[in-house]
Every structure is written in C-alpha cells, then in structure tokens.
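K.L.:
For reference, the structure I am asking about is given below.
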Amino acid sequence: MPELLDCVELQTHSDPQHAVIWLHGLGADGYDFVPVVRELELAGAPAARYVFPHAPQIPVTINGGYVMRAWYDILGAELVRREDEARIRASAAAVEGLIAREAERGIPRGRIVLAGFSQGGAITLQAGTRAEEPLAGLMALSTYLPLAGSAAAEATPASRGIPIFMAHGTTDPVIPIARSTASRDRLKELGYNVEWHEYPMQHSVNADEIRAIAAFLKRVFV
C-alpha cells in the first residue's frame, strides 16, 4: 500500500459515523472544497468526517510542464486519446489507502462516500468502480470516466451496486458536457445506477448542486 496522502480533515460531529473522502481538481489542493462542508450542513447533510487529500506535485504536460498538484498528467486536450494510465492507477491506489484508514478508524466502507471534482472525480470513478467492497456512494462532479476501455473488464461485482451521483455544467469549457454524458452512459451500460444532474454553469459547483449533493448524502448515509 502506498504512503498515505496528506489530508485536511473536518468533522461535523464529535463522533462521526460516516465519512466523505473528497478529491480536488487540477492545480488546487485539499483546502479547495472545505468551505462546501458548511454549505452542506446548512442544506441538511448528515454529520460526517470530511477528508480532503492533497494530490502530489507533478509536472503537467498540457501546462508546459509546470509543476502543480495533480492526480495524473494531462498529456493533451484530447482527454481520452492519451491518458496517464500509470498515475491514474497510482492515485486510485492511494485513495484506496485512505478508505482503508477510515475503516481502521471505525467507519466501515459501507458508510464512506468517495467524491471528487474534475481530475478528482475521474479518480473517484476509477477507484470506485474497482472497489472490492461496496462503498456508500460515489460523487463525480464535472468529470469523466478515465481508462474507459478497461472499465468493463476491471469493474468489480461489488462496485456495481454503489450509487453514483454525477453533475456537470452545460457550458463547461474544460471538460465538455458531452464527455461526461458519454461516461454516464458507459457506466449505465455496465450496470451502474447513475443519478445525473446538469446545471447552467461552467467548470464549477453551484448552490443547486450543493443542495442535490446534500440530498444524495442523506439517502446513502442511512
């Protein structure tokens, strides 16, 4: 098992019975979605421990080799043609380490939601569809299914019952919504139950989406 990622943690209860592991996007860090926790609380989300890992610092090809936090390299604008398979798999393995740590801390996998935005959402889908034991849910925000060509062969039976929340902006210039709807349709073909949301926004998260996420967490954290 790889070394555990550094994380920001926030608990909304002194003894949380659920956990959300939330992965940030390219160039951000674990603090990026911390403010969302308060918004989720106000929207009625159940108490939980929120774990926000920091991605490693790596050179990113599409950004001229500039070193930034990234779950994997972006080799070109065509996200599906050339993928950094090695780092995608390594990041998914690192996330699995965080899931295992939550289980060791007393929160079983069935009470853990794995979430991510953009690159983080891609790793969420990569790790979640390969899970050997069911999680409470997956939240894939403004993202796509990576390594889609291997998904059918590698998706585990245990993962196929995990509910998936997907949301995307209709005017997203970073990951066009067509890329995400194709991923949604592929997941459905593989037998996954995907709850789809789209919003009039770009590559971001809005208040309506936060409310929908809170409702999803209420349903899966039972």
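K.L.:
Order these peptides, 125-131, 112-118, by their mean beta-carbon neighbour count within 10 angstrom, highest first.
P.N.:
112-118, 125-131
K.L.:
Next up: Based on the alpha carbons, how large is the Rg to Rh ratio for the stretch 8-123 when Rh follows Kirkwood? Intermediate results must be reported in sequence, preceding the final value.
P.N.:
On the way: Rg = 15.2 Å, Rh = 15.0 Å.
Rg/Rh: 1.02.
K.L.:
With the contact rule set at Cα under 8 Å and sequence spacing of 6 or more, what percent relative contact order holds for the chain?
P.N.:
That works out to 19 percent.
K.L.:
Here's another thing I want to ask about it. Which value, in Å² rounded to 10, gives the accessible area of Asp185 with a 1.4 Å probe and all protein chains present?
P.N.:
Here the accessible area works out near 70 Å².
K.L.:
Now a separate question. Could you sort the peptides 166-179, 148-161 by per-residue average Cβ neighbour count (10 Å cutoff), highest mean leading?
P.N.:
166-179, 148-161
K.L.:
Among DSSP beta bridges whose residues both lie in the chain, state the antiparallel percentage, nearest 5.
P.N.:
About 30 percent, rounded to the nearest 5.
K.L.:
By what distance, in whole Å, do the Cα atoms of the chain stretch along each of the three principal axes, largest value first?
P.N.:
44, 37, 34
K.L.:
Same structure again: Which value in nm describes the separation of the simple spin-label points at Ala90 and Ala152, placed 7 Å from the Cα toward the beta carbon?
P.N.:
Going from the Ala90 label point to the Ala152 one covers 3.0 nm.
K.L.:
Next question, about the same structure. Can you name the helices of the chain, as whole DSSP H runs, whose Cα span along the helix axis is 27 Å or more and whose Kyte-Doolittle mean is not below 1.0?
P.N.:
Working: long enough: 85-104 (29 Å, 0.05).
Answer set is empty.
K.L.:
Also: How high is the relative contact order of the stretch 1-48, given as a whole-number percent (alpha carbon pairs under 8 Å, six or more residues apart)?
P.N.:
Normalised by residue count, the contact order of the stretch 1-48 is 51 percent.
The values are calculated or read from the model by the stated rules, or taken from the named source; none is laboratory data. Small disclaimer: the values here were computed from a predicted structure and weren't measured. Using ideal geometry, Cβ is built from the backbone for each residue, glycine included, and neighbour counts are taken over all protein chains shown. These area figures cover heavy atoms from the full protein model, side chains too; ligands, DNA and RNA do not enter into them. Shrake-Rupley method; radii C 1.70, N 1.55, O 1.52, S 1.80 Å.
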